[in-house]
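Q: There's a structure below that I have some questions on.
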Amino acid sequence: MAYDTSKPEGLLVAAEFVKGWLETRDVDVRGHDHGGLPVVLAEAGPKAGPVVILHGHLDVVPAFEEQFTPRVEGDRLYGRGAYDMKGALAAMMCALHDATQQDQVRLKFVCVPDEESEDVDDRSTDALVAGGLGADFAITGEPTDLHIGIQAKGVLAIRLEVRGTAAHGSTPWLGDNAILKAHDVFRRIETLPFSRESSDLFDRPSINLARIAGGDAFNKVPDRCFIDVDIRFLPGQEPAAILEQIATIPDLEVVRSFRRAPAIVSRRNPYVLALREAVARSIEGEALSIGRDGASDAISFLEAGIPAVEFGPVGAGHHGPQEWVSIASLRRYRRALGDFVANLPSWLAGDVDNSIPAVPGRVARNDSVLRAVE
């Protein structure tokens with residue numbers, strides 16, 4: 001966590017730490033370069049048998065310098081990336097080492113540097129899957145509070161150009177301020193019909209005004225403004241239909257858009273059921289299936305036909321100023337992954353009772369980490 005992995009140089013040294021930690025424990029590990037950024041790949045377990053991917057990312061969103069100094073307060077480990085998702089990544093590293101002692105399940109550990117990246121056209125996880133990275137099931141360690149994320153919203157990222165009329169800054173009433181209009185455009189988007197729809201696991205889409213840029217002179221009424229809008233749409237909604245609704249707003253043009261499909265896997269999938277049973281051994285109460293507002297690399301596996309879920313420890317504040325993860329939950333998380341691996345062959349062979357009734361889903365809300373897990 002002390003490595004600032006919002007920057008390439010921090011990613012390089014953090015990846016070397018991950019690789020070195022695994023190498024010193026005799027785990028089969030190798031490095032891989034993707035666009036100048038480091039990917040760490042490792043494997044444990046037999047060559048034959050079911051194959052499970054443990055997937056995580058090292059990169060984090062930018063933060064203030066003090067957020068890269070981890071601190072412990074009670075059960076909480078604070079710092080950038082604690083919850084999203086260096087805590088889960090550390091537990092996965094420990095679980096991978098644990099798996100070297102069994103001969104039933106093949107684990108593939110995938111640590112990527114660009115899950116948070118805005119370069120949506122060239123992600124390392126997509127490239128790895130396209131290059132032949134295969135498995136029967138994948139777990140990505142995104143924040144889920146020890147629940148199992150079987151759905152995630154899709155992504156529609158759009159850049160809009162809002163047009164106005166220029167005038168001298170001393171006579172703003174003679175112009176039409178594009179920056180002010182852009183704010184009104186966003187408020188209109190929030191009221192369009194798609195924004196009021198819901199699904200079985202989500203009560204509404206998410207709509208965020210992520211960036212705004214306009215004006216080219218201090219003494220001029222701006223006649224152009226660009227806004228970036230981040231829409232997380234529901235399973236069943238169509239991005240094209242959302243864009244059609246947005247296009248009805250006057251004086252704007254969609255300059256660029258990026259789409260990523262929602263993530264959906266059946267809660268009756270045998271791997272999901274086996275994971276749910278393993279989690280139930282480590283927590284009090286039911287291991288619920290949930291939907292997550294955020295998107296993740298799980299969709300890369302799903303689009304390749306590999307069932308994938310999001311599953312991570314307890315915490316809060318990811319991408320915020322007070323991000324934290326529960327230390328106790330990191331231990332439970334590691335134990336749940338170990339129980340999942342140990343009991344998976346019996347589940348797949350039908351030697352356990354898999355008639356557990358499905359529970360309705362709901363919406364979720366560095367070495368110091370490794371020591372907490374160990």
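Q: Select from the range 288-317 the residues that are touching a Lys or Arg at 6+ places or on another chain (Cβ under 9 Å) and more than 21 Å from Asn269 (Cα to Cα) and write down the one among them that is surrounded by the fewest Cβ atoms within 10 Å (Cβ to Cβ).
A: Filtering first and then ranking leaves Asp293.
Q: Among the residues of the range 134-155, count how many are at pLDDT 95 or above and in contact with a Lys or Arg (Cβ under 8 Å, 6 or more places away or on another chain).
A: 1
Residues are listed down the side, and each one gets a yes or a no for (1) surrounded by fewer than 24 Cβ atoms within 10 Å (Cβ to Cβ); (2) more than 19 Å from Lys19 (Cα to Cα):
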position: Glu66; (1), (2): yes, yes
position: Ala88; (1), (2): no, no
position: Gln104; (1), (2): yes, yes
position: Cys111; (1), (2): no, no
position: Glu115; (1), (2): yes, no
position: Asp121; (1), (2): yes, yes
position: Ala127; (1), (2): yes, yes
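Q: Take the residues in the range 216-225 that are buried (at least 17 other Cβ atoms within 10 Å of the Cβ) and hydrophobic (A, V, I, L, M, F, W, C); name whichever of them is farthest from Arg163 (Cα to Cα).
A: In this case the residue turns out to be Val221.
Q: Something else now. Is there any pair linking a residue in the range 199-210 that is within 17 Å of Val185 (Cα to Cα) and in the same structural domain as Ala182 (by TED's automatic domain parsing) to one that is part of a loop (DSSP other than H, G, I, E, B) and at pLDDT below 95, with Cβ under 8 Å and at least six apart or on different chains, and which?
A: Listed by first residue and then by second, the contacts come to Ser206/Lys153; Ser206/Asp293.
Q: Would you mind finding the one in Asp103, Asp122, Asp145 that is part of a loop (DSSP other than H, G, I, E, B) and in contact with a helix residue (DSSP H, G or I) (Cβ under 9 Å, 6 or more places away or on another chain)?
A: Just one listed residue meets the conditions, Asp145.
Q: Is it the case that some residue within the range 305-326 is modelled with pLDDT of 90 or more, assigned to a helix (DSSP H, G or I) and either within 18 Å of the chain's Cα centre (by Cα) or of a type in the set (Gly, Ala, Ser) (or both)?
A: Looking for residues that are modelled with pLDDT of 90 or more, assigned to a helix (DSSP H, G or I) and either within 18 Å of the chain's Cα centre (by Cα) or of a type in the set (Gly, Ala, Ser) (or both), one finds none in the range 305-326, hence no.
Q: Could I ask something else about it? Restricting attention to the range 189-211, does a residue exist that is touching a helix residue (DSSP H, G or I) at 6+ places or on another chain (Cβ under 7 Å), in a helix (DSSP H, G or I) and aliphatic (A, V, I, L, M)?
A: Within the range 189-211, one or more residues are touching a helix residue (DSSP H, G or I) at 6+ places or on another chain (Cβ under 7 Å), in a helix (DSSP H, G or I) and aliphatic (A, V, I, L, M).
Q: Filter the range 267-291 for residues that are hydroxyl-bearing (Ser, Thr, Tyr) and at pLDDT below 90; which is farthest from Phe202 (Cα to Cα)?
A: Ser282
Q: Now, a different point. Give me a count of the residues in the range 231-253 that are surrounded by 13 or more Cβ atoms within 10 Å (Cβ to Cβ) and more than 26 Å from Arg292 (Cα to Cα).
A: So the answer is 3.
The values are calculated or read from the model by the stated rules, or taken from the named source; none is laboratory data. On a predicted model such as this, the values are computed, not experimentally measured, just so you know. Glycine gets a Cβ as well: all are built from the backbone with ideal geometry, and neighbour counts include every protein chain shown.
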